[in-house]
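The values are calculated or read from the model by the stated rules, or taken from the named source; none is laboratory data. Remember, it's a predicted structure, so these values are computed and weren't measured experimentally. Glycine gets a Cβ as well: all are built from the backbone with ideal geometry, and neighbour counts include every protein chain shown. Each accessible area value is taken on the protein alone, full model and side chains, heavy atoms only, with ligands, DNA and RNA left out. Shrake-Rupley method; radii C 1.70, N 1.55, O 1.52, S 1.80 Å.
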Amino acid sequence: MKRPPLQWLVALLPLVTAACATSAAYHPQKDCAAGSPGACVDWGDELVQRGAKQEAETAYGQACEGGISTSCITQGRLMMERGELEGAEHPLRKAYLEEFPEAYEALADLYQARGGPQELEIAGDLRFDAPAIDKPAVEAVYHYRVGYPGSLGGALTLNVQPMAFLSRRLDIGFHAAFGTGPAELNGFIGYQHFTSTWVVPYARVMLGGIPGAPSGQGLNYGGELGLKLCAGPIGHLELAVGSSRASPLHVSVGLGLNAIFLLLLAAH
């Protein structure tokens with residue numbers, strides 16, 4: 001199940017708490033033993049710097065059990081370093097279930113290290129899913145558009161991209177544009193290429209209509225090339241250039257947000 005953005009933010013609170021620990025009485029080892037997950041992260045970091053990696057595994061393991069998923073990944077990777085592949089799977093799977101891209105990559109490394117044909121296939125699937133796993137299934141995007149030879153306008157896009165669509169490589173949606181020419185109402189289908197977890201170029205083809213056009217002239221068609229700069233489950237910044245029958249040439253800058261935010265806003 002996709003992790004809601006609120007849960008994603010709550011997962012970071014222990015790290016924020018640890019970063020704000022400025023008390024003179026703060027003692028990572030003792031506070032970790034007393035049950036502070038954030039202190040366990042600090043204690044693990046200190047042990048790694050000392051070269052006591054196996055002891056650090058224990059500290060990161062306590063932080064992992066305390067809800068800091070990034071520590072699960074660190075613990076798992078340390079265990080893999082010393083060849084403890086079976087034991088490493090448990091903490092890595094805890095982070096995997098929280099849909100961290102880094103956990104997918106670490107779990108892929110684990111399966112690859114095992115080396116069997118089935119394990120190598122699973123590793124490939126995990127690496128394919130990793131950069132897309134934390135992105136929204138549905139995005140709402142507002143674009144500021146400039147059309148040739150200088151007309152200004154805007155556009156709204158609803159982009160649907162669940163993991164079921166080739167791990168978000170395919171997307172479909174609706175697109176409404178205004179201001180850079182006649183108004184447009186389009187549907188689209190596109191392909192997205194995840195070069196990393198945050199850089200995603202895409203291409204789309206559009207087909208729709210031009211409301212209010214004379215009879216027989218209402219068909220609209222076109223395409224768009226763009227680039228998303230993603231911020232995990234929150235949204236993205238989008239740059240694009242496109243062409244359609246209603247707007248022969250336009251460029252745009254867009255801001256996309258997880259559609260869950262709009263639903264929460266509407267509920268209030």
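Structure above, values below:
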{"quantity": "Some residue of the stretch 197-210 being open to solvent by 10 Å² or more (accessible area, probe 1.4 Å), under 18 Å from Tyr148 (Cβ atoms) and touching a His at 6+ places or on another chain (Cβ under 8 Å)", "calculated": "yes"}
{"quantity": "Criterion violated by Gly216 - all others in (1) open to solvent by less than 70 Å² (accessible area, probe 1.4 Å); (2) at positive phi satisfied", "calculated": "(1)"}
{"quantity": "Test: residue in the stretch 137-144 that is part of a loop (DSSP other than H, G, I, E, B), over 17 Å from the mean Cα position of the chain (by Cα) and more than 30 Å from Arg77 (Cβ to Cβ)", "calculated": "no"}
{"quantity": "The stretch 85-118: number of residues that are at pLDDT 95 or above, among the acidic types (Asp, Glu) and over 21 Å from the mean Cα position of the chain (by Cα)", "calculated": "1"}
{"quantity": "Unique residue being open to solvent by less than 20 Å² (accessible area, probe 1.4 Å), assigned to a strand (DSSP E or B) and at pLDDT 95 or above when the list is Ala176, Ala240", "calculated": "Ala240"}
{"quantity": "Residues of the stretch 29-73 that turn out to be farther than 22 Å from Ala103 by Cβ and among the hydroxyl-bearing types (Ser, Thr, Tyr), as a count", "calculated": "1"}
{"quantity": "Filtered residues of the stretch 86-103 (kept if assigned to a helix (DSSP H, G or I), open to solvent by less than 30 Å² (accessible area, probe 1.4 Å) and of a type in the set (A, V, I, L, M, F, W, C))", "calculated": "Ala88, Leu92, Ala95, Ala103"}
{"quantity": "Residue that is surrounded by the fewest Cβ atoms within 10 Å (Cβ to Cβ), among those in the stretch 75-85 that are part of a helix (DSSP H, G or I) and either out of contact with any Cys (no Cβ under 6 Å at 6 or more places or on another chain) or in contact (Cβ under 8 Å) with a residue 40 or more places away in the chain (or both)", "calculated": "Glu81"}
{"quantity": "Extreme residue, surrounded by the fewest Cβ atoms within 10 Å (Cβ to Cβ), among residues of the stretch 183-196 that are under 15 Å from Ala155 (Cα atoms) and in contact (Cβ under 8 Å) with a residue 60 or more places away in the chain", "calculated": "Ala183"}
{"quantity": "Gln54 vs. criteria at pLDDT 95 or above and open to solvent by 70 Å² or more (accessible area, probe 1.4 Å)", "calculated": "no"}
{"quantity": "Number of positions in the stretch 252-268 that are open to solvent by 50 Å² or more (accessible area, probe 1.4 Å) and modelled with pLDDT of 95 or more", "calculated": "3"}
{"quantity": "Total residues in the stretch 91-103, condition under 15 Å from Arg127 (Cβ atoms) and in contact with a Cys (Cβ under 8 Å, 6 or more places away or on another chain)", "calculated": "2"}
{"quantity": "Residue match in the stretch 130-148 (condition: of a type in the set (Phe, Trp, Tyr) and closer than 29 Å to Leu263 by Cα)", "calculated": "yes"}
{"quantity": "Residues of the stretch 225-235 that turn out to be farther than 16 Å from Ile189 by Cα and open to solvent by 10 Å² or more (accessible area, probe 1.4 Å), as a count", "calculated": "5"}
{"quantity": "Near pairs, Cβ below 8 angstrom, 6+ apart or cross-chain, from the stretch 161-182 (farther than 20 Å from Val200 by Cβ) to any residue that is surrounded by fewer than 16 Cβ atoms within 10 Å (Cβ to Cβ) and among the small types (Gly, Ala, Ser)", "calculated": "Ala177/Gly154; Phe178/Gly154; Gly179/Ser151; Gly179/Gly154; Thr180/Ser151; Gly181/Ser151; Pro182/Gly212; Pro182/Ala213"}
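Residue by residue, here is whether (1) open to solvent by less than 10 Å² (accessible area, probe 1.4 Å); (2) closer than 30 Å to Cys64 by Cβ; (3) out of contact with any Cys (no Cβ under 6 Å at 6 or more places or on another chain) holds:
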site: Glu105; (1), (2), (3): no, yes, yes
site: Leu110; (1), (2), (3): yes, yes, yes
site: Gly115; (1), (2), (3): no, yes, yes
site: Asp125; (1), (2), (3): no, yes, yes
site: Tyr142; (1), (2), (3): no, no, yes
site: Tyr148; (1), (2), (3): no, no, yes
site: Leu152; (1), (2), (3): no, no, yes
site: Val160; (1), (2), (3): no, no, yes
site: Asp171; (1), (2), (3): yes, no, yes
